[in-house]
1. Between residue A:556 and residue A:320, what length comes free when the chain is fully extended (0.36 nm per residue of separation minus the Cα-Cα distance, one decimal in nm)?
2. Along Cα→Cβ, 7 Å out, is where each label goes; now give me the distance between the ones at residue A:196 and residue A:248 in nm to one decimal.
3. If each of residue A:405 and residue A:88 carries a label point 7 Å out from its Cα toward its Cβ, how far apart are those two points in nm?
4. What does a probe at residue B:12 reach in segment B:25-65, counting residues whose amide N is under 17 Å from the point 7 Å along Cα→Cβ?
5. Could the peptides A:397-407, A:426-436 be put in order, highest first, of the mean number of other beta-carbon atoms found within 10 Å of their residues?
6. Computed from the mean reciprocal separation of all distinct C-alpha pairs, what Kirkwood hydrodynamic radius does the protein assembly as shown have, in Å?
7. Before anything else, pin down the relative contact order of chain A: Cα pairs under 8 Å, at least 6 apart, normalised by residue count, whole percent.
8. I need to check one value: relative contact order of segment A:38-91, counting alpha carbon pairs closer than 8 Å and at least 6 residues apart, in percent.
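Just so it is clear, none of the values below were taken in a lab; they were calculated from the coordinates. This one's a predicted model, so the numbers in the text were calculated from it and none came from an experiment. Cβ coordinates were reconstructed from backbone atoms using ideal geometry, including for glycine residues, and neighbour counts include every protein chain displayed.
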C-alpha cells in the first residue's frame with residue numbers, strides 16, 4: 001500500500017500557530033516583523049535578532065547539495081516561524097555525483113536539491129547534464145515519496161527549461177527559479193570570498209533572499225494548501241486617502257496602482273479577491289466607477305462586505321459567499337486595531353498589515369506563505385468567473401420549482417476522465433484543498449496519485465462540470481481500489497463551487513459505474529473519516545446509504561448507487577478513458 | 001565610533017549569529033559553535049552592521065572578538 005508522509009500541521013491548522021497562545025498578540029508580532037522579513041533586501045542581522053514567542057512545529061528538510069547551504073538555512077528561521085514552523089536540516093556531503101547516500105528518515109518532509117551548475121562545467125554539456133539530472137531525480141523519487149525542490153544556481157536558459165520539463169515527469173517535484181534574484185542583485189549575487197572560505201559562491205545578500213524564497217514560498221507551497229482568498233481593506237490599503245473624506249479624489253500612487261495590478265494578477269491565478277470595508281456600499285461602487293485609472297474594478301471582487309458592521313462579521317460573510325473556510329482567507333488591513341479585532345474573533349485567519357508604502361504591501365503579498373504558487377493551472381483562470389455565474393444560478397433556482405427543469409435550463413454537462421495522468425496537479429489539488437465535500441480526507445500527495453495511476457487495481461476519475469453559464473472545470477475526484485470482490489472508494493472530493501446543483505449523486509454514481517467497466521466488483525464500499533469541516537460529505541453518504549456513520553470506517557453502497565441513473569437527469573454525461581491498465 | 005561603541009555593536013552581532021550571549025573574551029578556539037561556516041556568517045553580519053568589507057587576506061585571521069574590534073577600528077580610522 002502507499003506510504004503516507006506525515007503532514008505538518010500548526011496548532012490551529014493551516015493558518016498559523018495562533019491557538020498556541022494569544023492570537024491577537026501573535027498577529028501584532030507578525031505585523032511588527034513584516035518590515036524586516038519582507039524588506040526589499042532583508043538584513044541577516046535583523047532576521048537573526050527576532051525569535052518567535054509561540055510554539056513552532058518541527059519541519060525537517062534534507063538537503064542534497066554540491067555547495068554549502070548553511071548560510072541560507074541560518075537566515076531562514078524567521079520566515080519559517082512566520083507560518084508556524086521551526087525548520088531543521090539534514091545535509092549530504094558536497095556531492096557532485098548526487099549518490100543519495102542517506103539513511104531513511106520518516107521525519108523528513110521536504111527534499112531540497114541544492115546545486116551549483118558551475119561545478120559541472122567542462123564535464124557535461126547542457127543536454128547531457130539535463131539527462132543526467134533527470135536520472136538522478138528519478139533515482140531520488142524511487143527512494144522517497146516526500147516533495148522535492150530542485151534549486152540550481154548558474155544554469156543557462158536551455159538547461160532551466162529542460163529542468164522544468166523534467167520536473168513535470170517526476171511527480172511531486174518542482175524547479176525553483178533563482179534567475180530573478182540573480183537579475184536583481186547582478187554581480188552582488190556572488191561573492192568569491194564566500195566561495196573560498198565557506199563552500200558556496202553565493203553572497204550574503206543572495207543567501208538571505210534564497211532563505212526567504214525557501215521559507216515563504218517553496219516550502220509552504222509544497223507542504224500546505226494554498227490560501228483561496230484575499231480579503232482587502234480599502235482606505236490606505238488599495239489607495240492613499242480616505243473615501244469618506246476625500247471622496248473619489250483619493251490618491252492612486254504608482255505603487256498603489258502596481259499593487260492593484262498585482263491583485264488582478266492574483267485573481268487571474270485563481271485567488272478570490274474580496275472587499276471588506278467600513279463604508280457606504282453605494283460610495284464604494286461609485287468610487288470604482290469614477291476611477292477608471294484603478295486597475296482593480298468592482299467586478300474583480302468575488303465577494304464584498306461593505307458596511308459599518310465589524311470586519312470579522314464581514315469576513316464571515318465573505319467566507320459564506322465564497323464557500324471557503326476562514327483559514328483559507330488572508331485579511332489585509334492598514335489598521336493594526338482592525339487586524340487585532342478580526343483575529344480575536346476569528347483566530348484561524350491569516351493577516352497582513354498593509355504598509356503606507358504600497359510597494360511594501362505588494363512585496364508582503366508576493367512572499368506571503370501559502371499565497372505564492374508554483375504554477376498557474378487552467379482551472380485557476382476559471383474559478384472567479386465560475387463563482388460569478390453562481391448569482392445567476394441562484395436566481396434561476398429560485399424561479400424554478402422543478403429541479404429537473406432547473407438542470408435543463410442550465411444545460412449541464414459532465415465529463416468523467418478516467419485515469420487522466422496529465423491532470424496530476426489538479427488531482428493533487430482537489431485531494432489537498434477540498435474540505436467540505438471530502439469523504440475520507442486522504443490528502444494524497446502527487447507521488448501517491450502517480451502511484452495509484454500506475455496501479456492495476458486502482459482507478460481515478462476526474463469529474464468536469466460545465467453549464468451554459470460557465471465552465472467550472474475539473475471539480476471532483478473519486479479514487480477507487482478493487483480488493484477481492486469489493487470496490488473500495490478511497491476518496492471522494494468535490495469542490496464547493498460544484499455543490500448546490502443537486503448533482504453529487506449523479507457524479508458519484510456515474511464515476512463508480514465508469515470504474516466498474518474496468519474493475520467489476522460485487523460490493524462497493526465508501527471509506528469515510530470525520531474531519532473538522534466535512535459534514536456535507538458525510539451527510540451525503542448518510543442520505544445515499546441510509547446508514548448512520550461511526551466517526552470513521554467503511555460503509556456499503558452497492559444497493560444505493562445503481563438506482564441513480566443519468567436517464568433521470570437532464571444532464572449530458574460523457575466519459576473519457578485515457579487508458580486501461 | 002570609539003572602541004566602546006564598536007564593542008557594544010559587535011557583541012550584539014556575535015550574540016545574534018551564535019544564538020547566545022557572548023563577552024569580549026570570545027575566541028574561535030573557546031566557542032564550539034564558531035566553525036568555518038559560522039565564521040563566514042559572522043563576517044557577513046559584521047560587514048552589514050559596520051558598513052565595511054573585509055579582504056580575503058583579513059578574513060582567516062579574524063579569530064577572536066578582540067581581533068574583530070581592532071580591525072573595525074582600523075577600518076573606521078582609514
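1. Values: separation 236, 0.36 × 236 = 84.96 nm, distance 3.25 nm.
Here the segment from residue A:556 to residue A:320 would lengthen by 81.7 nm.
2. So the two model labels end up 6.4 nm from each other.
3. 6.7
4. B:42-52
5. On the way: A:397-407: 13.2, A:426-436: 22.3.
For the peptides A:397-407, A:426-436, the packing ranking is A:426-436, A:397-407.
6. Details: mean 1/r = 0.0367 Å⁻¹.
The Cα-based Kirkwood calculation yields 27.3 Å.
7. Details: 1066 pairs, mean separation 70.8, N = 581.
RCO, chain A: 12 percent.
8. Numbers: 50 pairs, mean separation 25.8, N = 54.
Taking the mean separation of contacting Cα pairs over the length of segment A:38-91, I get 48 percent.
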